[in-house]
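Read through the structure below, which is laid out as structure tokens, and then see the notes.
The values are calculated or read from the model by the stated rules, or taken from the named source; none is laboratory data. None of these values were measured; they are calculated from a predicted model. In this analysis, Cβ positions are derived from the backbone assuming ideal geometry, glycine residues included, and neighbour counts consider all displayed protein chains.
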Amino acid sequence: MRAKRWELADSNPARLRTPQDIVEDLLVRRGLTDPDKCERFLNPRLADLADPLRLADMERAVERVSHALHRRENILIYSDYDVDGMSSSALLYRFLIKLGANVRVFIPERLAEGYGLSVSGLEHALADGPATLLIALDCGTTNIAEVAWLNERGIDVVIIDHHELHHTLPPARAFVNPQRGKLAADRMLATAGLVFKFCHAFLKIQQTPELFNLREHLDLVALGTIADLVPLLEDNRILVRHGLSQMSATLHPGLQALMEIARVRTGPTPATVGFTLAPRLNASGRLTAAMSGWELLTTRDTARATALARTLNTLNSERQHLELAAYREALEQLDQQPPGDKAHCLVVASPNWHQGIVGIVASRLQRRFYKPAVVISLTDGEGKGSARCIEGCSMMDALREHASLLHAYGGHAMASGLEIAADRVTEFRAAMNNWFRHRVNTELYQERLPVELALPGRALTEELAQELGRLQPFGRKNEPPIFKVSGVTMHSPPQFFGNHHLKFTASADDTRFSAVGFTLAENMPDADAYDMVGHWEMDDYTQRPLFRILDWHAAA
């Protein structure tokens, strides 16, 4: 396991007398010193959401959809096959159906039609019936030719997407993408949040808020926003906080069934959504057709919802087996590669890997080695891959620099997709390593653990864990605080479980507390006492406080 760099911020432990003092200190460290800003952060209100009409082309999008409703046009929603795409299309479909639209949804198959708008996917979608308006969700930003293809056939296009811009904008009737704006708060939004903004803007312009209760569908917005790993700040924080509350009392039979089969017994958190619910929904898009995941989010039939949830649960188990096999083969490939081929960027490829799981394997490799990672599935001389990056650099910048080696690419700084000829993978591997070697500071390759406070063992109380919950929802850019505790001993022998995990009763400053270390069983220091860094939190399942270890050393 690669060594992590502990970065302990200056602290004044003498001030930290109570859990409230600790939370106040954490707020200050996050730049929240103004009382009004602190209040909005700790108690985010829907009334504080930014005006949806400040997004470029939002008014044009509302106008075109309104025109289609009045003329009873056939509307086709074409969305991505991931959770953000499924939840976005589920929300927009419910909204338009409520308004009386003639609307249907199409989600392309990952293997047959690939990501985004493709001519094969569009022909498949239009074979089911004509349309004069196509609304592209969570895709379309880089599909210049495909949007022109639709326009040539008399089909207007409205794009609602959040991916990075191409140097040329698509010729759509309306192109709603927060990357077009200048406000960082808007650029954080996932497509689920953008669709919420569209619905809000529509009701605002039409002055008919009573037509659709957006609050009842905030659970869908939270689902897509969390799954897409966007920063949980500003509007995203508001939408997720209220969306998780709505999810606890969801009115969607499919979400109810999914939470039941996934054994989400307590109130959903970003962790349970990201690691428990989202993988089951994603399993449909990864292995078969994402329409089953979308149907789960839109069905009103309880029996159908239960059957779909069971199917997705089975698919998720199959996905886990495929993922583990591919991960092991990827590790074997890396072992055989010369050091220079993997020094700055990991690139592996195989015809044995299902295209639907390469993104997960890339994430696992990135976390294990803390390097940018690209995993490519090869079929008939062509490769389709997923790439994951590390903080401080952009995978999209790297792919953009090497566009001549690729058939296609797109995505975010941290997560991207690409298509490449199999015979160019070796050249691509060398080029990516060369690019990252010259463009990225070597310090970025050591994972940072920004430790906010050093706490004595006696500070680890249930009251503190409860108080820290006020900082939730945690996610990108609002990470749970990391604490350091020194001189920790094991009060009881560790129990080993799962895939290299361990748990034990710890003791520090004559205070006992529960501790758990995921994937740390092989990294247990040979010592009588430890210095540990990690999170102090309420466990989602037991509802008891525990220290989740991120890293540990022999006590200084």
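When V105 is tested against (1) in a helix (DSSP H, G or I); (2) at pLDDT 95 or above, just one condition goes unmet, and that condition is (1).
Would the range 73-86 turn up any residue that is modelled with pLDDT of 95 or more, out of contact with any Asp or Glu (no Cβ under 7 Å at 6 or more places or on another chain) and over 25 Å from G193 (Cα atoms)? Scanning the range 73-86, I find at least one residue that is modelled with pLDDT of 95 or more, out of contact with any Asp or Glu (no Cβ under 7 Å at 6 or more places or on another chain) and over 25 Å from G193 (Cα atoms), so the answer is yes. Scanning the range 264-280 for residues that are of a type in the set (G, A, S) and over 12 Å from the mean Cα position of the chain (by Cα) yields a single hit, G267.
Would you point out the residue of the range 19-65, among those that are outside any helix (DSSP H, G or I) and small (G, A, S), that is nearest to R215 (Cα to Cα)? Ranking the qualifying residues of the range 19-65, first place goes to A50.
For the range 303-360, filtered to residues that are β-branched (V, I, T) and in a helix (DSSP H, G or I), the residue that is farthest from the chain's Cα centre (by Cα) is T306.
Would a scan of the range 233-240 turn up a residue that is modelled with pLDDT under 95 and either within 30 Å of L365 (Cα to Cα) or in contact with a strand residue (DSSP E or B) (Cβ under 9 Å, 6 or more places away or on another chain) (or both)? Yes, some residue in the range 233-240 is modelled with pLDDT under 95 and either within 30 Å of L365 (Cα to Cα) or in contact with a strand residue (DSSP E or B) (Cβ under 9 Å, 6 or more places away or on another chain) (or both). Of all the residues that make up the range 199-213, how many are in contact with a helix residue (DSSP H, G or I) (Cβ under 6 Å, 6 or more places away or on another chain), closer than 12 Å to F95 by Cβ and either of a type outside the set (A, V, I, L, M, F, W, C) or assigned to a helix (DSSP H, G or I) (or both)? The number of residues fulfilling the criteria is 5. With respect to the conditions (1) more than 21 Å from R45 (Cβ to Cβ); (2) outside any helix (DSSP H, G or I), L232 lacks only one, and its number is (1). Residues in the range 391-404 that are surrounded by fewer than 21 Cβ atoms within 10 Å (Cβ to Cβ) and either in contact with a Ser or Thr (Cβ under 7 Å, 6 or more places away or on another chain) or farther than 18 Å from Y115 by Cβ (or both): E391, G392, C393, S394, M396, D397, E401, H402, S404.
Being surrounded by fewer than 23 Cβ atoms within 10 Å (Cβ to Cβ) and assigned to a helix (DSSP H, G or I) is a property that T266 lacks.
Here V374 passes the criteria (1) touching a Cys at 6+ places or on another chain (Cβ under 8 Å); (2) surrounded by fewer than 19 Cβ atoms within 10 Å (Cβ to Cβ) except the one numbered (2).
Can you tell me which residue among E146, E123 is more than 27 Å from the chain's Cα centre (by Cα) and among the charged types (D, E, K, R)? Break it down into steps so the answer makes sense when it comes.
Values: E146 fails: more than 27 Å from the chain's Cα centre (by Cα).
Exactly one of E146, E123 is more than 27 Å from the chain's Cα centre (by Cα) and among the charged types (D, E, K, R), namely E123.
Of these, D235, D138, D219, which one is under 20 Å from A408 (Cβ atoms) and of a type in the set (D, E)? Reasoning before the result, please.
Working: D235 fails: under 20 Å from A408 (Cβ atoms); D219 fails: under 20 Å from A408 (Cβ atoms).
Of the residues listed, the single one that is under 20 Å from A408 (Cβ atoms) and of a type in the set (D, E) is D138.
Of all the residues in the range 474-511, those that are over 19 Å from D539 (Cβ atoms) and among the β-branched types (V, I, T) number 1. A343 meets all of the listed conditions (1) in the same structural domain as A373 (by TED's automatic domain parsing); (2) hydrophobic (A, V, I, L, M, F, W, C); (3) under 22 Å from G193 (Cβ atoms) but one, namely (3). Looking at the range 413-446 only, could you name the residues that are farther than 18 Å from G340 by Cα, crowded, with 17+ Cβ neighbours inside 10 Å and not hydrophobic (A, V, I, L, M, F, W, C)? Result: S416, G417.
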